[in-house]
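Structure first, commentary second.
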Amino acid sequence: MNTDDIARQFDDRPGFNLVDFEEVGLPVYRLTSTVLTLQPKAYSPIEEFVLRAVEAGLASLDAVASFLGISLTITEATASILIKDDELIADPNGTLRLTQKSERVLAGERHIRPREQSLVFRYDGLTRKPISSDELRLWEPRDLRDRGIREIRAFPPKRPNPGDIKGDELQAVLKSPGQPNEPEVQILQVKSITRSFANFIPAIALIFRRDSGNDVQVGFAIDGRLSRDHENAFAASDGPARMGITPAILNALPIPNDSDLDLLVAPPQADVASEQATRHKAFAKLRSQMIEKTGARPDATAAVEDVDPGVKMVPVYDHPPLLREALESAVRRVIIVSPWITDSVVDKTFLHRLSHRLTEGVRVHIGYGLGPEERIPEAIKQLEKLAATHSNFQFVRLGDTHAKILIKDDEWLVTTSFNWLSFRGDPKRTFREEWGTRVAIPEQVAAYAKTILQRFEAAVRSEK
(Lines give C-alpha, C1' and ligand atoms only; values in the text may rest on other atoms or scores of the structure.)
Protein backbone atom coordinates (compact mmCIF):
# COMPACT_ATOMS: atom_id res chain seq x y z
CA MET A 1 0.00 0.00 0.00
CA ASN A 2 1.15 3.54 -0.68
CA THR A 3 0.91 6.42 1.79
CA ASP A 4 -2.60 7.55 0.82
CA ASP A 5 -3.92 3.98 1.03
CA ILE A 6 -2.48 3.72 4.54
CA ALA A 7 -3.97 7.08 5.53
CA ARG A 8 -7.38 6.06 4.17
CA GLN A 9 -7.23 2.76 6.04
CA PHE A 10 -6.80 4.46 9.42
CA ASP A 11 -9.37 7.22 8.98
CA ASP A 12 -11.74 5.39 11.29
CA ARG A 13 -10.89 6.86 14.71
CA PRO A 14 -14.17 7.45 16.61
CA GLY A 15 -14.86 11.16 17.10
CA PHE A 16 -11.87 12.26 14.98
CA ASN A 17 -11.18 13.14 11.36
CA LEU A 18 -7.85 12.48 9.65
CA VAL A 19 -6.84 15.96 8.44
CA ASP A 20 -3.23 15.49 7.30
CA PHE A 21 -0.62 12.79 6.83
CA GLU A 22 3.05 12.67 5.91
CA GLU A 23 5.95 10.26 5.58
CA VAL A 24 8.34 10.74 8.52
CA GLY A 25 11.37 9.14 10.16
CA LEU A 26 11.03 7.92 13.76
CA PRO A 27 14.25 8.17 15.80
CA VAL A 28 16.35 5.10 16.56
CA TYR A 29 19.86 4.88 18.02
CA ARG A 30 22.35 2.25 16.88
CA LEU A 31 24.40 1.67 20.02
CA THR A 32 27.72 -0.11 20.51
CA SER A 33 27.92 -1.09 24.17
CA THR A 34 29.67 -3.18 26.79
CA VAL A 35 27.25 -5.42 28.69
CA LEU A 36 27.64 -7.62 31.75
CA THR A 37 26.25 -11.09 31.18
CA LEU A 38 25.90 -14.43 32.92
CA GLN A 39 26.93 -17.27 30.61
CA PRO A 40 27.00 -21.04 31.04
CA LYS A 41 30.56 -22.35 31.34
CA ALA A 42 31.54 -24.29 28.24
CA TYR A 43 34.80 -26.27 28.03
CA SER A 44 36.76 -26.44 24.81
CA PRO A 45 37.09 -30.00 23.44
CA ILE A 46 40.72 -30.34 24.58
CA GLU A 47 39.84 -29.04 28.05
CA GLU A 48 37.00 -31.52 28.40
CA PHE A 49 39.21 -34.41 27.20
CA VAL A 50 41.86 -33.56 29.81
CA LEU A 51 39.26 -33.33 32.60
CA ARG A 52 37.60 -36.58 31.51
CA ALA A 53 41.00 -38.31 31.54
CA VAL A 54 41.68 -37.10 35.10
CA GLU A 55 38.15 -38.17 36.09
CA ALA A 56 38.96 -41.65 34.71
CA GLY A 57 41.95 -41.92 37.08
CA LEU A 58 44.88 -40.64 35.05
CA ALA A 59 46.66 -38.50 37.63
CA SER A 60 49.78 -37.23 35.82
CA LEU A 61 50.40 -35.00 32.83
CA ASP A 62 52.44 -37.73 31.13
CA ALA A 63 49.64 -40.26 31.55
CA VAL A 64 47.00 -37.84 30.23
CA ALA A 65 49.15 -36.85 27.22
CA SER A 66 49.89 -40.49 26.39
CA PHE A 67 46.24 -41.52 26.74
CA LEU A 68 44.93 -38.68 24.56
CA GLY A 69 47.73 -39.02 22.03
CA ILE A 70 48.72 -35.36 22.21
CA SER A 71 52.01 -33.69 23.02
CA LEU A 72 53.03 -33.02 26.60
CA THR A 73 53.38 -29.31 25.75
CA ILE A 74 49.70 -29.03 24.76
CA THR A 75 48.66 -31.03 27.82
CA GLU A 76 50.65 -28.75 30.15
CA ALA A 77 49.21 -25.58 28.55
CA THR A 78 45.65 -26.87 28.85
CA ALA A 79 46.18 -27.97 32.45
CA SER A 80 47.56 -24.51 33.32
CA ILE A 81 44.38 -22.84 32.02
CA LEU A 82 42.18 -25.27 33.95
CA ILE A 83 44.16 -24.75 37.15
CA LYS A 84 43.90 -20.96 36.74
CA ASP A 85 40.11 -21.23 36.27
CA ASP A 86 39.76 -23.42 39.36
CA GLU A 87 38.79 -26.45 37.30
CA LEU A 88 41.83 -28.60 38.14
CA ILE A 89 44.16 -29.06 41.11
CA ALA A 90 47.82 -30.10 40.88
CA ASP A 91 49.19 -31.42 44.18
CA PRO A 92 52.84 -30.68 45.16
CA ASN A 93 53.81 -34.15 43.98
CA GLY A 94 52.23 -33.48 40.55
CA THR A 95 49.07 -35.50 41.06
CA LEU A 96 46.06 -34.06 39.20
CA ARG A 97 42.60 -33.85 40.79
CA LEU A 98 39.26 -32.36 39.77
CA THR A 99 37.77 -29.51 41.78
CA GLN A 100 34.20 -29.62 43.08
CA LYS A 101 33.23 -27.13 40.36
CA SER A 102 34.58 -29.24 37.48
CA GLU A 103 33.09 -32.40 39.00
CA ARG A 104 29.63 -30.79 38.95
CA VAL A 105 30.03 -29.54 35.38
CA LEU A 106 31.20 -32.95 34.14
CA ALA A 107 28.22 -34.49 35.93
CA GLY A 108 25.90 -32.30 33.84
CA GLU A 109 25.35 -29.31 36.09
CA ARG A 110 25.43 -25.89 34.35
CA HIS A 111 28.11 -23.57 35.60
CA ILE A 112 27.25 -19.89 35.20
CA ARG A 113 29.95 -17.25 35.06
CA PRO A 114 29.86 -13.44 34.69
CA ARG A 115 31.40 -12.00 31.56
CA GLU A 116 31.71 -8.61 29.88
CA GLN A 117 31.28 -8.44 26.12
CA SER A 118 30.59 -6.00 23.31
CA LEU A 119 27.05 -5.78 21.99
CA VAL A 120 25.46 -3.75 19.18
CA PHE A 121 21.72 -3.12 19.37
CA ARG A 122 19.10 -0.49 18.53
CA TYR A 123 17.20 1.70 20.93
CA ASP A 124 13.96 3.55 20.13
CA GLY A 125 14.21 7.31 20.68
CA LEU A 126 10.47 7.70 21.41
CA THR A 127 9.50 4.62 23.40
CA ARG A 128 12.94 4.66 25.11
CA LYS A 129 13.28 0.89 24.87
CA PRO A 130 15.56 -1.53 22.99
CA ILE A 131 14.01 -2.82 19.78
CA SER A 132 14.53 -5.80 17.52
CA SER A 133 15.53 -4.60 14.07
CA ASP A 134 16.02 -7.93 12.28
CA GLU A 135 13.05 -7.34 9.96
CA LEU A 136 12.90 -3.55 10.30
CA ARG A 137 13.83 -1.29 7.40
CA LEU A 138 15.90 1.65 8.67
CA TRP A 139 17.02 4.94 7.17
CA GLU A 140 20.19 6.91 7.81
CA PRO A 141 20.14 10.72 8.20
CA ARG A 142 21.19 11.22 4.58
CA ASP A 143 18.17 9.20 3.44
CA LEU A 144 15.87 11.72 5.12
CA ARG A 145 17.75 14.63 3.57
CA ASP A 146 17.73 13.11 0.10
CA ARG A 147 14.02 12.35 0.25
CA GLY A 148 13.01 15.59 1.98
CA ILE A 149 11.41 13.67 4.84
CA ARG A 150 10.62 15.16 8.23
CA GLU A 151 12.48 13.86 11.28
CA ILE A 152 10.45 13.16 14.40
CA ARG A 153 12.84 14.21 17.15
CA ALA A 154 13.73 11.91 20.02
CA PHE A 155 12.64 12.85 23.51
CA PRO A 156 14.61 13.55 25.55
CA PRO A 157 16.81 14.77 22.67
CA LYS A 158 19.93 12.82 23.61
CA ARG A 159 21.28 9.32 23.36
CA PRO A 160 20.43 7.02 26.28
CA ASN A 161 22.71 6.51 29.25
CA PRO A 162 23.66 2.95 30.27
CA GLY A 163 21.42 3.27 33.32
CA ASP A 164 18.40 4.02 31.11
CA ILE A 165 18.52 0.56 29.53
CA LYS A 166 17.12 -2.36 31.50
CA GLY A 167 18.83 -5.69 31.07
CA ASP A 168 15.58 -7.66 30.93
CA GLU A 169 14.17 -5.38 28.19
CA LEU A 170 17.34 -5.81 26.15
CA GLN A 171 17.24 -9.57 26.77
CA ALA A 172 13.65 -9.71 25.50
CA VAL A 173 14.51 -8.36 22.03
CA LEU A 174 17.75 -10.33 21.53
CA LYS A 175 17.99 -14.07 21.01
CA SER A 176 21.60 -14.00 22.10
CA PRO A 177 24.28 -11.32 22.12
CA GLY A 178 26.78 -13.96 20.98
CA GLN A 179 26.74 -16.46 18.16
CA PRO A 180 23.47 -18.32 17.52
CA ASN A 181 25.02 -21.66 18.54
CA GLU A 182 26.28 -20.39 21.89
CA PRO A 183 24.46 -21.33 25.11
CA GLU A 184 21.78 -18.94 26.36
CA VAL A 185 23.15 -15.77 27.89
CA GLN A 186 21.48 -13.62 30.53
CA ILE A 187 22.09 -9.88 30.25
CA LEU A 188 22.51 -8.26 33.65
CA GLN A 189 23.21 -4.64 32.73
CA VAL A 190 24.63 -2.25 30.17
CA LYS A 191 27.93 -1.03 31.62
CA SER A 192 28.89 1.53 28.97
CA ILE A 193 27.97 2.93 25.56
CA THR A 194 30.99 3.56 23.37
CA ARG A 195 29.39 4.61 20.07
CA SER A 196 26.02 5.95 18.96
CA PHE A 197 24.60 6.47 15.46
CA ALA A 198 21.23 7.90 14.45
CA ASN A 199 18.86 5.77 12.37
CA PHE A 200 15.20 6.25 11.52
CA ILE A 201 12.19 3.98 11.11
CA PRO A 202 10.12 4.85 8.00
CA ALA A 203 6.59 5.68 9.13
CA ILE A 204 3.44 7.59 8.16
CA ALA A 205 2.41 10.33 10.60
CA LEU A 206 -1.39 10.54 10.80
CA ILE A 207 -2.83 13.81 12.11
CA PHE A 208 -6.30 13.57 13.65
CA ARG A 209 -8.54 16.41 14.83
CA ARG A 210 -11.59 15.90 17.02
CA ASP A 211 -14.89 16.52 15.25
CA SER A 212 -15.83 19.14 17.81
CA GLY A 213 -13.21 20.55 20.15
CA ASN A 214 -9.52 21.34 20.18
CA ASP A 215 -8.02 17.89 20.58
CA VAL A 216 -5.30 16.84 18.13
CA GLN A 217 -3.82 13.34 18.08
CA VAL A 218 -0.84 12.04 16.11
CA GLY A 219 -0.61 8.38 15.17
CA PHE A 220 2.19 6.51 13.41
CA ALA A 221 1.81 3.66 10.92
CA ILE A 222 4.87 1.42 10.46
CA ASP A 223 4.81 -1.12 7.63
CA GLY A 224 1.06 -0.56 7.29
CA ARG A 225 0.32 -1.18 10.98
CA LEU A 226 -0.63 1.42 13.58
CA SER A 227 1.96 1.64 16.39
CA ARG A 228 0.16 2.54 19.60
CA ASP A 229 3.46 2.44 21.50
CA HIS A 230 4.92 5.25 19.39
CA GLU A 231 1.70 7.26 19.47
CA ASN A 232 1.45 7.01 23.27
CA ALA A 233 5.14 7.86 23.75
CA PHE A 234 4.86 10.86 21.41
CA ALA A 235 1.77 12.11 23.25
CA ALA A 236 3.36 11.55 26.68
CA SER A 237 6.34 13.70 25.67
CA ASP A 238 3.96 16.45 24.47
CA GLY A 239 5.28 15.81 20.96
CA PRO A 240 2.27 17.22 19.05
CA ALA A 241 2.65 20.61 20.76
CA ARG A 242 6.45 20.49 20.98
CA MET A 243 6.80 20.00 17.22
CA GLY A 244 4.18 22.64 16.45
CA ILE A 245 1.60 20.22 15.07
CA THR A 246 -1.22 21.06 17.48
CA PRO A 247 -1.00 24.85 17.10
CA ALA A 248 -0.59 24.51 13.32
CA ILE A 249 -3.82 22.52 13.08
CA LEU A 250 -5.85 24.55 15.59
CA ASN A 251 -4.61 28.04 14.74
CA ALA A 252 -4.31 27.83 10.96
CA LEU A 253 -5.10 31.11 9.22
CA PRO A 254 -7.85 31.13 6.61
CA ILE A 255 -6.58 29.79 3.30
CA PRO A 256 -6.60 32.38 0.51
CA ASN A 257 -8.99 31.23 -2.20
CA ASP A 258 -7.45 32.33 -5.51
CA SER A 259 -9.58 29.90 -7.49
CA ASP A 260 -12.41 32.37 -8.30
CA LEU A 261 -14.80 29.64 -7.16
CA ASP A 262 -17.01 29.90 -4.11
CA LEU A 263 -16.15 26.39 -2.99
CA LEU A 264 -14.90 24.92 0.25
CA VAL A 265 -11.10 24.85 0.57
CA ALA A 266 -11.05 25.12 4.36
CA PRO A 267 -12.08 22.69 7.11
CA PRO A 268 -15.87 22.25 7.14
CA GLN A 269 -17.90 22.85 10.26
CA ALA A 270 -18.57 19.70 12.24
CA ASP A 271 -22.36 19.91 11.91
CA VAL A 272 -22.08 20.36 8.12
CA ALA A 273 -19.46 17.67 7.53
CA SER A 274 -20.49 15.04 10.06
CA GLU A 275 -22.93 13.04 7.94
CA GLN A 276 -20.80 13.16 4.79
CA ALA A 277 -17.59 12.38 6.69
CA THR A 278 -19.22 9.38 8.37
CA ARG A 279 -20.44 8.09 5.02
CA HIS A 280 -17.07 8.69 3.40
CA LYS A 281 -15.24 6.85 6.17
CA ALA A 282 -17.56 3.86 5.85
CA PHE A 283 -16.91 3.60 2.12
CA ALA A 284 -13.19 4.25 2.58
CA LYS A 285 -12.96 1.44 5.12
CA LEU A 286 -14.81 -0.89 2.76
CA ARG A 287 -12.44 0.06 -0.05
CA SER A 288 -9.40 -0.66 2.17
CA GLN A 289 -10.84 -4.06 3.05
CA MET A 290 -11.32 -4.80 -0.65
CA ILE A 291 -7.71 -3.86 -1.37
CA GLU A 292 -6.46 -6.02 1.51
CA LYS A 293 -8.52 -9.08 0.62
CA THR A 294 -8.34 -9.04 -3.17
CA GLY A 295 -5.11 -7.15 -3.82
CA ALA A 296 -6.99 -5.09 -6.40
CA ARG A 297 -6.86 -1.31 -6.44
CA PRO A 298 -10.32 0.27 -7.01
CA ASP A 299 -10.42 3.33 -9.24
CA ALA A 300 -9.00 6.36 -7.41
CA THR A 301 -12.22 8.40 -7.50
CA ALA A 302 -14.83 5.69 -7.44
CA ALA A 303 -14.93 5.42 -3.67
CA VAL A 304 -17.18 2.34 -3.93
CA GLU A 305 -20.31 4.54 -3.84
CA ASP A 306 -23.08 3.75 -6.30
CA VAL A 307 -23.85 7.42 -6.86
CA ASP A 308 -21.19 10.04 -7.56
CA PRO A 309 -22.60 13.41 -6.45
CA GLY A 310 -21.88 16.47 -8.55
CA VAL A 311 -20.21 18.28 -5.67
CA LYS A 312 -18.54 16.60 -2.72
CA MET A 313 -15.80 17.11 -0.17
CA VAL A 314 -12.36 15.61 -0.78
CA PRO A 315 -10.41 14.42 2.29
CA VAL A 316 -6.65 14.75 2.40
CA TYR A 317 -5.81 11.17 1.41
CA ASP A 318 -7.96 11.25 -1.75
CA HIS A 319 -5.88 14.01 -3.35
CA PRO A 320 -2.84 11.93 -4.49
CA PRO A 321 -5.07 9.30 -6.18
CA LEU A 322 -6.93 12.07 -8.02
CA LEU A 323 -3.62 13.45 -9.29
CA ARG A 324 -2.56 9.98 -10.44
CA GLU A 325 -5.89 9.46 -12.18
CA ALA A 326 -5.61 12.73 -14.08
CA LEU A 327 -2.10 11.85 -15.27
CA GLU A 328 -3.02 8.28 -16.21
CA SER A 329 -6.44 8.54 -17.84
CA ALA A 330 -7.15 12.08 -19.10
CA VAL A 331 -7.96 12.06 -22.81
CA ARG A 332 -8.21 15.77 -23.68
CA ARG A 333 -6.81 18.09 -21.05
CA VAL A 334 -5.17 18.30 -17.63
CA ILE A 335 -4.79 21.56 -15.70
CA ILE A 336 -2.70 21.72 -12.51
CA VAL A 337 -2.17 24.86 -10.45
CA SER A 338 0.16 24.45 -7.48
CA PRO A 339 2.09 27.27 -5.78
CA TRP A 340 5.09 25.06 -5.00
CA ILE A 341 6.87 22.21 -6.76
CA THR A 342 9.17 19.65 -5.11
CA ASP A 343 11.39 16.96 -6.60
CA SER A 344 9.75 14.33 -4.39
CA VAL A 345 6.37 14.78 -6.08
CA VAL A 346 7.48 15.63 -9.62
CA ASP A 347 9.77 12.61 -9.72
CA LYS A 348 10.62 10.09 -12.45
CA THR A 349 7.25 8.38 -12.11
CA PHE A 350 5.36 11.68 -12.40
CA LEU A 351 7.42 12.75 -15.41
CA HIS A 352 6.89 9.38 -17.09
CA ARG A 353 3.12 9.64 -16.67
CA LEU A 354 3.17 13.23 -17.89
CA SER A 355 5.27 12.33 -20.94
CA HIS A 356 2.89 9.52 -21.81
CA ARG A 357 -0.12 11.87 -21.67
CA LEU A 358 1.68 14.33 -23.91
CA THR A 359 2.60 11.59 -26.37
CA GLU A 360 -1.07 10.59 -26.47
CA GLY A 361 -1.93 14.13 -27.53
CA VAL A 362 -3.41 15.31 -24.24
CA ARG A 363 -2.99 19.04 -23.59
CA VAL A 364 -1.40 19.67 -20.20
CA HIS A 365 -1.19 23.03 -18.43
CA ILE A 366 0.83 23.41 -15.21
CA GLY A 367 0.99 26.71 -13.38
CA TYR A 368 3.06 27.49 -10.30
CA GLY A 369 4.04 30.61 -8.45
CA LEU A 370 5.58 30.60 -5.01
CA GLY A 371 8.88 29.22 -3.83
CA PRO A 372 12.42 30.25 -2.90
CA GLU A 373 14.36 31.89 -5.71
CA GLU A 374 17.80 30.84 -4.50
CA ARG A 375 17.31 27.20 -5.53
CA ILE A 376 15.44 25.98 -8.57
CA PRO A 377 14.22 22.41 -8.03
CA GLU A 378 15.35 19.86 -10.57
CA ALA A 379 11.67 19.16 -11.19
CA ILE A 380 11.15 22.66 -12.62
CA LYS A 381 14.11 22.18 -14.97
CA GLN A 382 12.68 18.88 -16.18
CA LEU A 383 9.24 20.40 -16.72
CA GLU A 384 10.79 23.28 -18.68
CA LYS A 385 12.56 20.75 -20.93
CA LEU A 386 9.29 18.95 -21.61
CA ALA A 387 7.55 22.24 -22.38
CA ALA A 388 10.29 23.10 -24.87
CA THR A 389 9.83 19.84 -26.77
CA HIS A 390 6.03 19.41 -26.60
CA SER A 391 3.73 22.01 -28.11
CA ASN A 392 0.77 20.59 -26.16
CA PHE A 393 2.45 21.28 -22.78
CA GLN A 394 2.22 24.72 -21.19
CA PHE A 395 4.36 25.32 -18.10
CA VAL A 396 3.85 28.82 -16.72
CA ARG A 397 4.83 30.79 -13.65
CA LEU A 398 1.60 32.44 -12.48
CA GLY A 399 3.13 34.66 -9.81
CA ASP A 400 2.22 34.69 -6.14
CA THR A 401 -0.84 32.49 -6.45
CA HIS A 402 -2.27 30.45 -3.59
CA ALA A 403 -4.68 28.57 -5.86
CA LYS A 404 -4.46 24.77 -5.79
CA ILE A 405 -6.50 23.39 -8.66
CA LEU A 406 -6.69 20.13 -10.59
CA ILE A 407 -8.91 19.67 -13.65
CA LYS A 408 -9.33 16.47 -15.65
CA ASP A 409 -10.91 16.94 -19.08
CA ASP A 410 -14.44 18.31 -18.57
CA GLU A 411 -15.08 15.44 -16.16
CA TRP A 412 -14.20 17.06 -12.84
CA LEU A 413 -12.24 19.77 -11.08
CA VAL A 414 -10.90 20.01 -7.54
CA THR A 415 -10.12 23.23 -5.70
CA THR A 416 -8.40 22.64 -2.42
CA SER A 417 -5.90 23.61 0.26
CA PHE A 418 -3.74 20.63 -0.80
CA ASN A 419 -0.50 21.44 -2.61
CA TRP A 420 -0.72 19.17 -5.63
CA LEU A 421 2.96 19.28 -6.60
CA SER A 422 4.64 19.77 -3.21
CA PHE A 423 2.74 17.60 -0.73
CA ARG A 424 5.92 15.52 -0.33
CA GLY A 425 9.58 16.41 -0.03
CA ASP A 426 9.50 19.47 2.24
CA PRO A 427 10.39 18.62 5.87
CA LYS A 428 9.56 22.21 6.87
CA ARG A 429 6.02 22.00 5.52
CA THR A 430 3.46 23.15 8.07
CA PHE A 431 0.92 20.53 9.05
CA ARG A 432 -2.57 21.81 8.36
CA GLU A 433 -6.11 20.59 8.00
CA GLU A 434 -6.39 19.77 4.31
CA TRP A 435 -9.74 19.63 2.52
CA GLY A 436 -10.97 20.22 -0.99
CA THR A 437 -14.12 20.27 -3.06
CA ARG A 438 -14.66 18.18 -6.17
CA VAL A 439 -17.07 19.35 -8.86
CA ALA A 440 -18.21 16.79 -11.43
CA ILE A 441 -20.65 18.92 -13.43
CA PRO A 442 -19.25 19.04 -16.99
CA GLU A 443 -20.67 22.44 -17.93
CA GLN A 444 -19.19 24.09 -14.85
CA VAL A 445 -15.87 22.27 -15.26
CA ALA A 446 -15.55 23.43 -18.86
CA ALA A 447 -16.44 27.03 -18.01
CA TYR A 448 -13.98 27.16 -15.13
CA ALA A 449 -11.21 25.56 -17.19
CA LYS A 450 -11.67 28.35 -19.72
CA THR A 451 -11.30 30.96 -16.96
CA ILE A 452 -8.14 29.35 -15.61
CA LEU A 453 -6.56 29.10 -19.06
CA GLN A 454 -7.17 32.82 -19.53
CA ARG A 455 -5.05 33.32 -16.41
CA PHE A 456 -2.33 31.22 -18.00
CA GLU A 457 -2.40 33.32 -21.16
CA ALA A 458 -2.25 36.55 -19.15
CA ALA A 459 0.84 35.25 -17.32
CA VAL A 460 2.49 34.38 -20.64
CA ARG A 461 1.82 37.87 -22.02
CA SER A 462 3.21 39.53 -18.89
CA GLU A 463 6.52 37.67 -19.32
CA LYS A 464 7.04 38.99 -22.87
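The values are calculated or read from the model by the stated rules, or taken from the named source; none is laboratory data. Keep in mind that this is a model prediction, so the values were computed, not measured. Every residue, glycine among them, receives a Cβ derived from its backbone with ideal geometry; neighbour counts consider all protein chains shown.
Counting the residues of segment 171-198 that are closer than 24 Å to Glu140 by Cα, at pLDDT 90 or above and of a type outside the set (D, E, K, R) gives 6.
Scan segment 224-237 for residues that are in contact (Cβ under 8 Å) with a residue 40 or more places away in the chain and surrounded by fewer than 20 Cβ atoms within 10 Å (Cβ to Cβ) and the total you get is 4. Restricting Arg128, Arg142, Arg153 to residues that are within 16 Å of the chain's Cα centre (by Cα) and in a loop (DSSP other than H, G, I, E, B) narrows the list to Arg153. Considered as a group, the residues in segment 238-263 that are of a type in the set (S, T, N, Q) and buried (at least 19 other Cβ atoms within 10 Å of the Cβ) include one that is modelled with the highest pLDDT, and that residue is Thr246. Residues that are under 21 Å from Trp340 (Cβ atoms) and β-branched (Val, Ile, Thr) were ranked within segment 429-464; the one that is farthest from the chain's Cα centre (by Cα) is Val460.
Checked against the criterion of being acidic (Asp, Glu), in contact (Cβ under 8 Å) with a residue 12 or more places away in the chain and under 27 Å from Arg147 (Cβ atoms), the candidates Asp410, Asp426 yield just one match: Asp426. Note on segment 1-50: among residues that are hydroxyl-bearing (Ser, Thr, Tyr) and either in contact with a Phe, Trp or Tyr (Cβ under 8 Å, 6 or more places away or on another chain) or more than 29 Å from Gln189 (Cα to Cα) (or both), the one that is modelled with the lowest pLDDT is Thr3.
Taking the criterion of being surrounded by 11 or more Cβ atoms within 10 Å (Cβ to Cβ) and either at pLDDT 90 or above or among the aromatic types (Phe, Trp, Tyr) (or both), the residues of segment 91-117 that qualify are Thr95, Leu96, Arg97, Leu98, Thr99. On the stretch given as segment 7-22, residues that are in a strand (DSSP E or B) and either charged (D, E, K, R) or surrounded by fewer than 19 Cβ atoms within 10 Å (Cβ to Cβ) (or both) total 2.
Checking the stated criteria, Asp410 turns out to be buried (at least 16 other Cβ atoms within 10 Å of the Cβ) and acidic (Asp, Glu). Scanning segment 397-407 for residues that are surrounded by 22 or more Cβ atoms within 10 Å (Cβ to Cβ) and within 29 Å of Thr246 (Cβ to Cβ) yields a count of 1. Residues considered: Ser422, Ser462. Of these, the only one that is surrounded by fewer than 19 Cβ atoms within 10 Å (Cβ to Cβ) and either in a helix (DSSP H, G or I) or not assigned by TED's automatic domain parsing to the domain that holds Glu22 (or both) is Ser462.
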